[in-house]
Amino acid sequence: MFVFKAAVVGAGVMGGEIAQVIASADIPVLLKDVKQEFVDKGLEKAREVTESQAGKLVKREKLTQEQADAQIEHTLGLITGTTEYGDFGDVDFVIEAVPEKMAIKHQVFADLDAATPGHAILASNTSGLSITEIADITNRPDKVVGFHFFWPASYMRLIEVIEGEETSHETVQAAANFAQAIRKMPVRCAECPGFVVNRILASTASEIWRYQDETGTDVEEIDRALTEAKLVPMGPFLLADNSGLDTALKVAQDMREAYGDRFYVHQGMEELVEQGNLGRKSGKGFYEYS
Ligand SMILES: NC(=O)c1ccc[n+]([C@@H]2O[C@H](COP(=O)([O-])OP(=O)(O)OC[C@H]3O[C@@H](n4cnc5c(N)ncnc54)[C@H](O)[C@@H]3O)[C@@H](O)[C@H]2O)c1
């Protein structure tokens with residue numbers, strides 16, 4: 001299946017960059033959120049990433065400034081922001097990137113089932129929810145698939161392609177092909193909480209979170225020690241801040257519920273989320289952002 005037009009639903013931490021990745025591969029894409037201000041934030045993120053990528057090419061003398069400016073405008077011109085489903089009638093592939101809550105996913109998938117043509121593939125960027133359960137709300141569970149990007153989506157190459165119980169072989173293949181068309185590396189995963197990467201990531205982070213809660217060690221000190229030792233490119237507290245603490249917390253809670261005590265939910269993170277401090281996107285998390 002060739003994707004002539006794609007769509008991304010949810011223009012938050014992930015959605016804006018996912019739309020940018022698709023547009024960079026020369027594919028027109030709709031970017032939908034519930035309010036224009038959220039759509040604008042996603043479009044702003046897409047511009048920031050596109051300008052930064054083009055700027056690097058100019059520095060390496062691969063493009064002139066004039067060529068870079070034309071490329072930036074071309075790429076951004078392929079992204080259409082919207083708060084409605086009105087233009088979804090001819091999309092071929094949709095990526096849902098709304099908050100990690102089944103009720104919200106179900107609402108969006110029911111809306112997408114009604115708004116998109118029958119052949120369209122409905123993909124979810126969920127970090128670990130059941131694809132089978134998400135698909136249950138639709139009349140096309142064979143065309144629902146997990147399509148899990150990693151933060152930051154414009155940079156990280158991997159996409160986990162997750163098969164629900166009803167997902168057809170054709171849909172999995174089309175999703176893997178689309179991942180390659182947008183210059184990513186698809187990896188097929190079985191359906192289980194956290195899939196592959198978050199299961200590994202959360203089990204490692206669990207030990208660090210547990211240690212911090214038990215000892216009260218400064219989070220900045222832990223992040224610095226781990227990065228200076230070149231164990232990780234970014235410490236787990238800064239990574240959680242960048243990903244969004246509500247998302248990081250929900251993933252940790254889901255993993256603990258699914259696999260038990262070996263997964264840990266950081267108490268400090270719970271408190272920050274209760275206070276509305278969601279990391280970089282809200283201006284404060286483990287760190288403060290201006
Ligand atoms: N943040 C990460 O590092 C990361 C990485 C991989 C996957 N994910 C997954 O991607 C999804 C989105 O995460 P995020 O961090 O971008 O969340 P986010 O909270 O930053 O953004 C979600 C966006 O969805 C919008 N939204 C809510 N209901 C909507 C609706 N009905 N229609 C359209 N838009 C709607 C919200 O207004 C918000 O702008 C989650 O499932 C998350 O688990 C997140």
Which of the residues spanning the stretch 222-259 are among the aromatic types (Phe, Trp, Tyr) and either free of Cβ contacts under 8 Å to residues at least 40 places away in the same chain or in contact with a Phe, Trp or Tyr (Cβ under 8 Å, 6 or more places away or on another chain) (or both)? Phe237
Any hit, the stretch 159-171, residues being open to solvent by 20 Å² or more (accessible area, probe 1.4 Å), free of Cβ contacts under 8 Å to residues at least 60 places away in the same chain, part of a strand (DSSP E or B) and within 30 Å of Phe4 (Cα to Cα): yes
Can you tell me which residue within the stretch 211-231, out of those that are assigned to a loop (DSSP other than H, G, I, E, B) and not charged (D, E, K, R), is nearest to the chain's Cα centre (by Cα)? Leu231
Quick one: Thr50 ticks every box in (1) within 14 Å of Ile95 (Cβ to Cβ); (2) crowded, with 21+ Cβ neighbours inside 10 Å bar one, so which box is it? (1)
Would you kindly identify the helices (runs of 4 or more DSSP H) lying entirely within the stretch 1-92 that contain at least 3 residues that are acidic (Asp, Glu)? 36-59, 65-77
Out of the residues in the stretch 218-251 meeting the condition of being open to solvent by less than 30 Å² (accessible area, probe 1.4 Å), more than 13 Å from the ligand (Cβ to nearest atom) and of a type outside the set (A, V, I, L, M, F, W, C), tell me which one is nearest to Leu158 (Cα to Cα). Gly235
Do you know which of the residues in the stretch 81-122 that are under 15 Å from Gly10 (Cβ atoms), more than 11 Å from the ligand (Cβ to nearest atom) and in contact with an Asp or Glu (Cβ under 8 Å, 6 or more places away or on another chain) is least open to solvent (accessible area, probe 1.4 Å)? Leu122
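The values are calculated or read from the model by the stated rules, or taken from the named source; none is laboratory data. Predicted model only: the values in this text are computed from it and were never measured. Glycine gets a Cβ as well: all are built from the backbone with ideal geometry, and neighbour counts include every protein chain shown. Areas reflect the complete protein model, heavy atoms only, side chains present, ligands, DNA and RNA absent. Shrake-Rupley method; radii C 1.70, N 1.55, O 1.52, S 1.80 Å.
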